[in-house]
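Enquirer: Dropping the structure in here first, questions after.
Coordinate-derived values only; no laboratory data. None of these values were measured; they are calculated from a predicted model. Here Cβ is always computed from backbone atoms with ideal geometry, including for glycine, and neighbour counts include all displayed protein chains.
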Amino acid sequence: MNIDGQEIEAREGENLLEVALRHGIYIPHFCYHPMLSVAGSCRMCLVEVEKSPKLVPACATPVLQNLVVWTNSERVKKARAGVMEFLLLNHPLDCPVCDKAGECKLQDYCFYYGNPLSRRKHPRIQMAKKDLSPHIIFYSDRCIMCTRCIRFLNEITKTSELAVSYRGAFSEIDICIDHPIENPLSGNVIDLCPVGALKSKDFLFKKRVWWLESVESVCARCARGCPIRVDYADGRIYRIRSPMKFWEVLSWICDFGRFGFKFVEDPSRLLSPLVKADGGLSERSWDEAIRRTSEILSSSFERGGESVLFALSPFMTCEEARELVLLAKDLDAHLTLLPSPEGEEFEFTDFKIEKEKAPNSRGVIQIAEQLYRLEPFEEACGRIEAGEIRTAFAVLGYPEPYDFELPKPERLIAVDIVRSRLIGEADVVLAGSTSFEKEGTFIGTLGEGRLVKALEPPGKARSELSIFRQIKEALLAKVEKR
Amino acid sequence: MEQVLLRNRNKPEVLKLEGYIKAGGYDGLKKALQMTPEEVVEEVKKSGLRGRGGAGFPTGIKWGFVPKDAETIYLCCNADESEPGTFKDRVLMENDPFQLVEGITIASYALKVRKAFLYIRAEFPRQIRILNEAISEAYEAGYLGRGVLGSAYSLDLILHPGAGAYICGEETGLVESIEGRRGWPRLKPPFPATKGVFDKPTIVNNVETLSCLPHIIERGAEWFASVGPQRSPGPKLFCLSGEVNNRDVFELPMGTNLREIIFDYGDGMMEGKQLKAVFPGGSSTPVLKAEETDVAMDFDSVKSAGSALGSAGIIVVSDRTCMVKVAYNLARFYADESCGQCTPCREGTYWLEQIFYRIEHGEGEPDDIDTLRDIFMNIFGNVICPLGDGAVMPLQSILDKFTEEFEEHIRKRRCPMRE
């Protein structure tokens with residue numbers, strides 16, 4: 001086939017818009033979304049097709065052999081400018097106070113395809129703001145009726161909370177009275193909205209988007225490991241979204257992942273290593289904490305026949321696990337994996353929220369078993385109770401308080417991000433970092449995911465990898481000295 | 001002419017099955033059941049019957065689009081008659097419900113349909129009641145249901161009232177509505193004949209079209225083809241409204257002259273009024289000026305005259321009526337009835353309404369006329385369904401043919417007809 005004079009090979013029946021986008025020919029569009037059914041209603045992707053008297057929506061046109069398409073003819077440009085003018089007719093000019101400004105399809109297309117001046121002489125239709133769910137607020141008059149949100153809730157979550165009420169220019173997206181959007185994927189409608197209509201209450205008025213920087217990372221809130229985009233500025237996370245390419249959501253993320261980043265700013269975050277002295281924990285320098293750690297670890301070996309337990313966390317990265325597993329192996333220590341928190345499991349079309357609410361038990365188990373040996377958590381607990389293990393080095397890192405029974409060993413070194421319950425029992429506490437504050441790899445049910453650092457660890461907290469390496473060095477130095 | 005479709009008009013006895021049969025009813029169905037379905041289709045094709053809903057598409061050819069291997073096929077009778085100026089289906093339904101039920105049964109038999117829907121607008125409560133009674137009676141007497149008239153053919157007919165939207169008269173809006181959804185028209189292709197109600201092949205036919213069938217089968221295709229012009233034959237109902245003396249539905253041969261309908265059957269213009277303009281086929285057809293009204297009322301002739309036969313809803317406008325007001329009134333209708341799905345129609349019809357309102361109320365500005373023309377261009381052909389185009393066609397023709405009235409409004413900053 002041929003698009004704008006360019007010979008293109010495509011499969012017969014393929015979606016014309018998808019083919020064009022794949023070949024770098026941009027056709028503007030609002031309602032089309034690769035993971036939703038075709039609505040063909042925004043009319044922004046109208047193109048000229050040879051032998052067709054009318055312009056056709058590219059999103060609803062199947063490719064035929066020798067199809068000749070013009071995406072930029074005068075007729076197409078005229079129709080596009082017409083659609084833009086229609087869309088802006090009743091769209092409030094509130095970009096200065098709209099959260100979407102700067103990443104708004106309507107704004108960008110207006111710049112590229114619209115008319116500079118409006119011919120409107122009547123007042124705009126005004127509509128009310130609506131509260132659609134605990135997470136979502138809806139600015140009705142900014143809506144352009146692309147129905148992406150409706151299709152998402154009909155086709156992906158199959159919960160159908162949103163529908164259109166009224167008719168014509170007065171059409172409004174709405175929920176039924178007292179039936180808010182209630183499903184664990186609801187936040188995706190915020191990402192799907194091409195304009196500033198569906199907004200996140202959490203992010204509302206927090207930051208102009210052009211001040212935000214982003215990294216594409218992986219979610220740590222369940223065993224699935226969804227790719228996410230972390231938007232941050234001035235050392236804070238402002239929001240988490242699906243990773244997007246030119247306004248297109250490439251995969252969904254759930255609300256736990258989307259809104260579950262507040263623990264990063266938990267007031268009980270550990271900002272410095274702590275060492276037990278005079279019966280209480282007090283802030284000490286890293287040097288002292290590492291020294292104390294290596295003392296505890298080496299002394300247990302010096303006493304002979306006394307075992308050390310290394311307890312790995314399902315929240316640690318593969319790289320961290322590798323470092324610690326090798327250390328355990330060198331020390332001939334016991335190795336176990338702490339339990340993962342469990343929560344509700346949800347299944348949707350091509351999307352599952354895992355019951356296991358930790359990102360990397362798979363990766364940790366794989367590495368531990370490959371490089372050394374892993375014993376069941378219950379067995380390790382038994383050894384502590386039997387007095388066989390007197391020293392434990394536990395990596396925690398649970399984003400929310402999680403209660404599991406770890407019998408108290410005589411000596412405990414804990415690596416954690418917040419002042420958790422176990423911290424009180426520790427001799428040394430090493431301040432670690434969250435998944436947003438380090439690099440690394442998780443292996444989830446989706447496969448391997450790369451963590452990309454968005455923030456520096458707070459205060460004097462450090463990445464686990466550097467902590468483990470320092471401990472190893474300190475231990476080596478001790479051995480060499482001897 | 002001989003009344004065929006309206007032969008039972010104002011005869012309350014035919015509202016009962018017994019009276020209908022006594023008046024010669026159901027002879028068509030009896031004859032059809034003696035034929036094979038293919039023979040019935042052939043007969044309808046031969047008759048040259050063209051759809052009476054507005055588009056004038058040949059009924060037999062439309063039926064031929066149903067895939068041959070389809071197992072489940074639906075028939076929908078479109079009784080959502082909502083086109084302004086159109087009230088013929090209503091007259092057919094309230095005067096002769098069995099004629100329609102018989103027509104639906106014949107079409108269903110020909111198309112091998114086992115379940116047919118009669119989609120009727122909610123604003124027809126009386127007609128709904130009449131049809132409900134007729135359908136129950138037909139079921140009881142074996143004219144519907146298992147084994148129609150003792151034959152091996154069974155048919156269920158479901159009366160489905162709409163919820164009051166013009167757009168549900170559009171084929172695919174109607175299909176969506178039957179499925180229980182908001183009446184938002186579908187993208188075409190696929191057309192309902194291949195993918196309609198519940199994604200099964202579906203034929204949507206108008207009330208008048210289906211009411212013709214008993215007569216075509218009973219009297220033969222040749223008889224039907226002999227009435228009116230060769231390319232759009234048959235008896236036809238014309239709805240005459242507006243500023244004429246006798247506003248009514250007339251059954252006349254297709255091709256009857258528009259002036260004859262207005263001045264003979266309609267008994268001419270109301271006292272003291274002169275003919276100014278006519279919408280020949282409902283509000284969605286381009287307007288004809290008085291001097292353009294010497295036209296035969298059949299699909300092809302009206303098309304040649306620059307308009308369309310449409311639903312044959314003839315709306316007569318006199319010299320005492322302001323064309324800007326007519327345009328505003330129509331624009332308001334389309335803005336109100338636009339379903340809101342596609343951008344150009346949703347926003348464009350509203351914008352048109354606003355501009356026509358301003359001009360009619362003395363707030364028009366000279367550049368409004370160019371803006372209107374540009375909006376017409378940006379809507380026409382760029383929409384999903386015929387509603388947007390149907391709004392543009394009459395409005396554009398009013399603006400083009402009566403430009404001076406618009407200019408006068410803008411110049412005088414008031415409506416000259418409102419003294």
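Enquirer: Just the projected area, averaged over all directions, of the convex hull on the alpha carbon atoms of the protein assembly as shown: how many nm²?
Expert: Its average projected convex-hull area is 47.1 nm².
Enquirer: Here's something else I'd like to know. Let's test this: bin the Cα-Cα distances of chain A at 10 Å from zero up to the farthest pair and state each bin's percent.
Expert: 4, 17, 23, 19, 14, 11, 7, 3, 0, 0
Enquirer: Cα-based Rg (one decimal) and Dmax (whole number) for chain B, in Å?
Expert: Using the Cα atoms of chain B, the pair Rg, Dmax is 21.8, 73 Å.
Enquirer: May I pose another question? So what are the radius of gyration and Dmax for the Cα set of the range A:239-352, in Å?
Expert: Reported Rg and Dmax, both Å: 20.4, 62.
Enquirer: Debye calculation, C-alpha points only, no solvent: report log10 I(q)/I(0) for the range A:41-90 at q = 0.14, 0.23 Å⁻¹, in the same order as the q values.
Expert: -0.35, -0.82
Enquirer: Rg/Rh for the range A:328-482 to two decimals, with Rh computed the Kirkwood way over all alpha-carbon pairs.
Expert: So for the range A:328-482, dividing Rg by the Kirkwood Rh gives 0.97.
Enquirer: Between A:Glu155 and B:Asn132, what is the label-point separation in nm under the 7 Å Cα-to-beta-carbon projection?
Expert: Inter-label distance under the simple model: 3.8 nm.
Enquirer: What residues qualify as long-range amide H neighbours of B:Ala308, i.e. H under 5 Å apart, gap of 5 or more or another chain, H built at 1.01 Å from N?
Expert: Excluding prolines and chain starts, which carry no amide H, the hits are B:Gly281.
Enquirer: What's the exposure ranking of B:Val383, A:Val275, going from fewest to most Cβ atoms within 10 Å?
Expert: A:Val275, B:Val383
Enquirer: Could you work out how far helix B:97-111 tilts from the main Cα principal axis of chain B, as a 0 to 90 degree angle to the nearest 10?
Expert: 70 degrees
Enquirer: Let me ask you something else. Using modelled backbone amide H atoms (1.01 Å from N, in-plane), which distant-in-sequence or interchain residues come within less than 5 Å of A:Val47's amide H?
Expert: HN-HN under 5 Å from A:Val47: A:Val56, A:Ala58.
Enquirer: By the gyration tensor of its Cα atoms, with a ≥ b ≥ c the square roots of the eigenvalues, what is the shape of the range A:98-138: rounded for a/c under 1.5, prolate for a/b over b/c, or oblate?
Expert: oblate
Enquirer: Next question, about the same structure. On alpha-carbon atoms, Rg over Rh for the range B:185-251 using Kirkwood Rh?
Expert: Taking Rh as the inverse mean 1/r over Cα pairs, Rg/Rh reads 1.13.
Enquirer: Can you give the FRET efficiency for B:Gln34 and B:Lys188, using 1/(1 + (r/R0)^6), R0 = 56 Å, r = Cβ-Cβ distance, to the nearest 0.05?
Expert: 0.95
Enquirer: Charges only on Cβ, +1 for Lys and Arg, -1 for Asp and Glu: so what's the dipole of the range A:354-482 about the Cα centre, in debye to the nearest 20?
Expert: With Lys and Arg at +1 and Asp and Glu at -1, about 560 debye.
Enquirer: What Kirkwood radius, in Å to one decimal, follows from the Cα pairs of the range A:173-240?
Expert: 13.9 Å
Enquirer: So what's the back-of-envelope 222 nm ellipticity for the protein assembly as shown, counting only DSSP H runs of four-plus at -39500 (n - 2.57) apiece and dividing by all residues, rounded to 500?
Expert: Helix contribution divided over all residues of the protein assembly as shown: -10000 deg cm²/dmol.
Enquirer: Can you tell me the dipole magnitude for the range A:126-188 around its Cα centre, using point charges on the Cβ only (Lys, Arg +1; Asp, Glu -1), in Debye to the nearest 20?
Expert: Computed charge dipole of the range A:126-188: roughly 240 debye.
Enquirer: In whole Hz and in residue order, list the ³J(HN,Hα) couplings for the range B:148-153 that follow from phi through the Karplus curve 6.51 cos²θ - 1.76 cosθ + 1.60, θ = phi - 60°; x for Gly and Pro.
Expert: 4, 6, x, 7, 7, 8
Enquirer: Each residue of the range A:409-419 in turn: what ³J(HN,Hα) in whole Hz from Karplus with 6.51, -1.76, 1.60 and θ = phi - 60°, glycine and Pro shown as x?
Expert: Once θ is set to phi - 60°, the couplings for the range A:409-419 become x, 5, 10, 10, 10, 10, 10, 8, 9, 10, 6 Hz.
Enquirer: Please enumerate, by chain and number, the lysines with C-alpha under 22 Å from the C-alpha of A:Lys481, excluding those fewer than 8 residues away in the same chain.
Expert: A:Lys329, A:Lys472
Enquirer: Quick one: work out the % antiparallel among DSSP beta bridges in the protein assembly as shown, nearest 5.
Expert: Around 60 percent antiparallel, to the nearest 5.
Enquirer: Next question, about the same structure. Which order results if B:Ile379, B:Ile61, A:Ile228 are arranged by neighbouring Cβ count within 10 Å, fewest first?
Expert: Going from sparsest to densest Cβ surroundings: B:Ile61, A:Ile228, B:Ile379.
Enquirer: A 24 angstrom limit on the alpha carbon distance is what I want to check against. Which of B:Lys112/B:Lys195; A:Lys100/B:Lys188; A:Lys54/B:Lys303 exceed it?
Expert: Too far apart for the 24 Å limit: A:Lys100/B:Lys188.
Enquirer: Stick to Cα atoms and the Kirkwood definition of Rh, then tell me Rg/Rh for the range A:192-231.
Expert: 1.03
Enquirer: Would you mind counting up the charge near A:Ala358? Only other residues with Cβ under 12 Å from its Cβ, with Lys and Arg at +1 and Asp and Glu at -1.
Expert: Every neighbour counted, the sum reads +1.
Enquirer: What number results when the radius of gyration of the range B:222-309, computed over Cα atoms, is divided by 2.2 N^0.38 Å?
Expert: 1.06
Enquirer: Once both axes come from the Cα atoms, what is the angle between helix B:368-379 and the longest principal axis of chain B, in degrees from 0 to 90, rounded to 10?
Expert: On a 0 to 90 degree scale, this one is about 30.
Enquirer: Here is a further query. How far, in degrees from 0 to 90, does helix A:361-371 lean away from the longest principal axis of the Cα atoms of chain A, to the nearest 10?
Expert: Between helix and principal axis, roughly 50 degrees.
Enquirer: Further question: How do B:Thr371, A:Thr434, B:Thr343, B:Thr403 line up, fewest other C-beta atoms within 10 Å first?
Expert: Ordered from fewest to most neighbouring Cβ atoms within 10 Å, B:Thr371, A:Thr434, B:Thr343, B:Thr403 come out as B:Thr403, B:Thr371, A:Thr434, B:Thr343.
Enquirer: Can you give the charge dipole size of the range A:38-149 about its Cα centre, rounded to the nearest 20 debye, using +1 on the beta carbon of Lys and Arg and -1 on the beta carbon of Asp and Glu?
Expert: Computed about the Cα centre, the dipole is about 360 debye.
Enquirer: Note down the nm distance, to one decimal, between modelled labels 7 Å out along Cα→Cβ at A:Asp178 and at B:Glu179.
Expert: Going from the A:Asp178 label point to the B:Glu179 one covers 3.1 nm.
Enquirer: Positive end of the charge dipole of chain A (Lys, Arg +1 and Asp, Glu -1 on Cβ, about the Cα centre): tell me which of A:His33, A:Cys381, A:Gln470 has its Cα farthest that way.
Expert: Positive-end residue among those listed: A:His33.
Enquirer: Still on this structure: Which whole-Hz ³J(HN,Hα) couplings does the range A:274-285 yield from phi under the Karplus relation 6.51 cos²θ - 1.76 cosθ + 1.60, θ = phi - 60°, glycine and proline marked x?
Expert: Per residue, the Karplus-derived 3J(HN,Hα) values read 10, 10, 6, 8, 6, x, x, 8, 9, 5, 9, 6 Hz.
Enquirer: With a ≥ b ≥ c taken as the square roots of the eigenvalues of the C-alpha gyration tensor of the range B:1-159, please select rounded if a/c is under 1.5 and otherwise prolate if a/b is larger than b/c or oblate if it is not?
Expert: Rounded shape, in that the Cα axes give a/c under 1.5.
Enquirer: Using the Cα atoms of the range B:78-224 to build a convex hull, what is its mean projected area in square nanometres?
Expert: For the range B:78-224, the mean projected area of the Cα convex hull comes to 9.2 nm².
Enquirer: What are the principal axis extents of the Cα atoms in the range A:14-134, in Å, biggest first?
Expert: 48, 38, 22
Enquirer: Return, for the Cα atoms of the range B:67-114, the radius of gyration and Dmax in Å, separated by a comma.
Expert: Rg then Dmax for the range B:67-114, in Å: 13.4, 40.
Enquirer: Within 10 Å of each Cβ of B:344-357, how many other protein chain Cβ atoms are there on average?
Expert: For peptide B:344-357, the averaged partner shielding equals 6.
Enquirer: May I ask you to work out the translational diffusion coefficient for the range B:291-419 at 37 °C, viscosity 0.692 mPa s, via Stokes-Einstein with Rh from the Kirkwood sum over Cα pairs, reported in whole µm²/s?
Expert: Diffusion coefficient, whole number: 214 µm²/s.
Enquirer: Another one. Quick check: from the Cα gyration tensor, does the range B:224-375 come out rounded (a/c under 1.5), prolate or oblate?
Expert: Here the range B:224-375 falls in the prolate category.
Enquirer: Which residues' amide hydrogens lie under 5 Å from the amide hydrogen of A:Ser160, considering only partners 5 or more residues apart or on another chain, with H built in the peptide plane?
Expert: Amide H neighbours of A:Ser160, under 5 Å, 5+ apart: A:Asn154.
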